[in-house]
């Protein structure tokens, strides 16, 4: 048995977070995290819960009553969505065009569902015609798609087309908005999305731990009329309804501090205005993109489905992607990430999310990445890149 | 669609938390919560993960390699334990002597297991003879028991007897230590507990969001040799092994800030010393108990299985338990809780956990509860109670 370990003070490095999340957290949100706690059934906390739900509705662009933070990180809200919508015997249609479609499939199978696929290569969005074909062939009960693929930097366009195909087949639509909520245009009600989930540590710039989820009445009716219980007690929405709904009955101890932080992060969204925030992400990430392209790099996604919150940049020939990532971390305290799955070694993933989507940050990334590439002997024009970033920012 | 909601600054009341959790959080832990984040795969965070695991092992009194914080509140670590140990077709033996045995049963059923019961009334511990009988009758694969029943204020004595009965039947033991870890003696290795889980917001006085779990090699071997996948992707320990084990592969984004906070809360445990911390809980809760008994109140549990971290106090005849709770909240900013289930209306539950287990707090509770009872016309001797508390504290 060990003696008391001698663990020193917490002194993490001072990173600039431009990877796929977490993003830099706003000082106001950090301050909210250090607020002393009240109980999870305290009347004052019940008021906070109401406020968070209202702010989440605003951010999701929805009037859905069932709009809550799930007590866990983004994968928990994802499994809450899938595990409650999918019953044994149901069929779920999932995409193959990125890492998170695979995760959807695994969760649907564990929920007892059958999984069928709609194909698209990694790095491309789904084609509505393929979705139509998959519906005609498989008649799935649930369609899952990824609005903003963190693994490939692809934004799924045509969301209303996808939802209308699904609804013509009486199916339900689950949208993964982990890397879009609060940064990239997503209109849950107008686009007729039945269920959407997200994480707080991306475009909301909030520490992970309480993750947004919204369901319309149609989806919640399905959840509440299941024939079998969901396979997770912790993520059972019919039980969570008791706590977040009118009854306020004890289910589990909510992560109070994370709810405080989410509240503050969402207040920042409301103060800025959601449309203006989407614009800012386009502008600031656009400056990054202009800088990198002018420098001589290539984006992985064409402009039609470029994802401003997650920029997939192709690794130039002869450059060691991991060495560049390590150099940026060591020399610049700057985090960017490598590719995953089919794009492993081929791209870097540079986030531009929430509080990280600032002119200062993209200028820093442009300069630092330019230096790292120069150190690797790559032929890049850093000065031209920086000038393009600056011009795009209107500086 | 709503316009941007006008939500004001976060100004929660300044509560003293003496309910069943969360408990008062130490200022050092609150400060850790406001530390800027690094990425969940940052080398510096990997070092933090190692430190947290080492500190958790110390606190659980174990050398178990598989000792981690689960990314959720206590119910998530509970479901991680049950959902990974129980496979479809397995039988789990759970107790009926409190609220959390019922939750164990629900989780085991959702995992595909059969549930059998060992009976004891609410407010009493399990009798090893009854556990023996239940094993002989049902031959369960897994025994779950609650070491510290938050709903009844009962400490389960005879833990080594329970584990030895289970092991004689080749079964696995899961211990609910939500309200004991870090406050009440629990020796995972010495007492031969296969799996133990806890929450951070009780005797560790850490905000909820990352919850301790430990499995010995025997239990982890069982998890890794399952025939079917666990039914939750989020809580699948074979996947979490990839992140917390040597590989450090991405599974989900850890709740970085909650891990920082848990690290600081566990440092406080190590600085105090685990045995000394158990003693402090006995001393300080003992002073509360002496004060309340001298005042004229009755504890629900006899001394042999009194739980210092959660004091179940009987509501005197003619007193409205909810009115007292409301009075304490309004007049004293003090949280205590009502009874649950079979003990609803019969007891108050007064926590004495972690940073809340301080002389100042128990004196305050004694005085405030005395005042509330006097206001209700109950016949209590507040002065004598306060003197007894003070004497017990050696003041």
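The values are calculated or read from the model by the stated rules, or taken from the named source; none is laboratory data. Everything numeric here is computed off the predicted structure, so don't read it as measured data. Cβ coordinates were reconstructed from backbone atoms using ideal geometry, including for glycine residues, and neighbour counts include every protein chain displayed.
The conditions of being touching a strand residue (DSSP E or B) at 6+ places or on another chain (Cβ under 7 Å) and at pLDDT 95 or above are met by residue A:307. Counting the residues of the range B:348-360 that are in contact (Cβ under 8 Å) with a residue 12 or more places away in the chain, out of contact with any helix residue (DSSP H, G or I) (no Cβ under 8 Å at 6 or more places or on another chain) and farther than 18 Å from residue B:199 by Cα gives 0. As for the range B:5-15, it holds at least one residue that is in contact with a strand residue (DSSP E or B) (Cβ under 8 Å, 6 or more places away or on another chain), facing chain A (nearest Cβ under 7 Å) and surrounded by 17 or more Cβ atoms within 10 Å (Cβ to Cβ). Does residue B:212 count as touching a residue at least 12 places away in the same chain (Cβ under 8 Å) and either closer than 30 Å to residue B:31 by Cα or within 13 Å of another protein chain (Cβ to nearest Cβ) (or both)? Against the criterion (touching a residue at least 12 places away in the same chain (Cβ under 8 Å) and either closer than 30 Å to residue B:31 by Cα or within 13 Å of another protein chain (Cβ to nearest Cβ) (or both)), residue B:212 qualifies. On the basis of being in contact with a helix residue (DSSP H, G or I) (Cβ under 7 Å, 6 or more places away or on another chain), within 14 Å of chain A (Cβ to nearest Cβ) and buried (at least 22 other Cβ atoms within 10 Å of the Cβ), does residue B:151 make the cut? Yes. Any idea how many residues of the range B:63-74 are within 9 Å of another protein chain (Cβ to nearest Cβ) and surrounded by fewer than 24 Cβ atoms within 10 Å (Cβ to Cβ)? Residues that pass the stated criteria total 1.
Select from the range A:44-60 the residues that are facing another protein chain (nearest Cβ under 8 Å) and in contact with a helix residue (DSSP H, G or I) (Cβ under 8 Å, 6 or more places away or on another chain) and write down the one among them that is nearest to residue A:190 (Cα to Cα). Among them, the one singled out is A:58. Can you find a residue that is part of a loop (DSSP other than H, G, I, E, B) and within 24 Å of residue B:282 (Cα to Cα) anywhere in the range B:140-148? Yes: one or more hits. Of the residues making up the range A:161-192, those that are more than 16 Å from residue A:86 (Cβ to Cβ) and under 21 Å from the mean Cα position of the chain (by Cα) number 18. When we screen A:218, A:231 for residues that are out of contact with any helix residue (DSSP H, G or I) (no Cβ under 6 Å at 6 or more places or on another chain) and assigned by TED's automatic domain parsing to the domain that holds residue A:194, the only hit is A:218. In the set A:129, A:105, A:81, only one residue is outside any loop (DSSP other than H, G, I, E, B), within 12 Å of chain B (Cβ to nearest Cβ) and out of contact with any helix residue (DSSP H, G or I) (no Cβ under 9 Å at 6 or more places or on another chain); that residue is A:105.
Here residue A:253 fits the description: within 12 Å of another protein chain (Cβ to nearest Cβ) and outside any helix (DSSP H, G or I). Candidates are the residues of the range B:16-36 that are touching a strand residue (DSSP E or B) at 6+ places or on another chain (Cβ under 7 Å) and within 7 Å of another protein chain (Cβ to nearest Cβ); the one that is surrounded by the most Cβ atoms within 10 Å (Cβ to Cβ) is B:21. Residue A:258 satisfies every condition listed in (1) surrounded by fewer than 23 Cβ atoms within 10 Å (Cβ to Cβ); (2) part of a helix (DSSP H, G or I) except (1). For the range A:87-96, the tally of residues that are crowded, with 22+ Cβ neighbours inside 10 Å and either within 11 Å of chain B (Cβ to nearest Cβ) or at pLDDT below 95 (or both) stands at 0.
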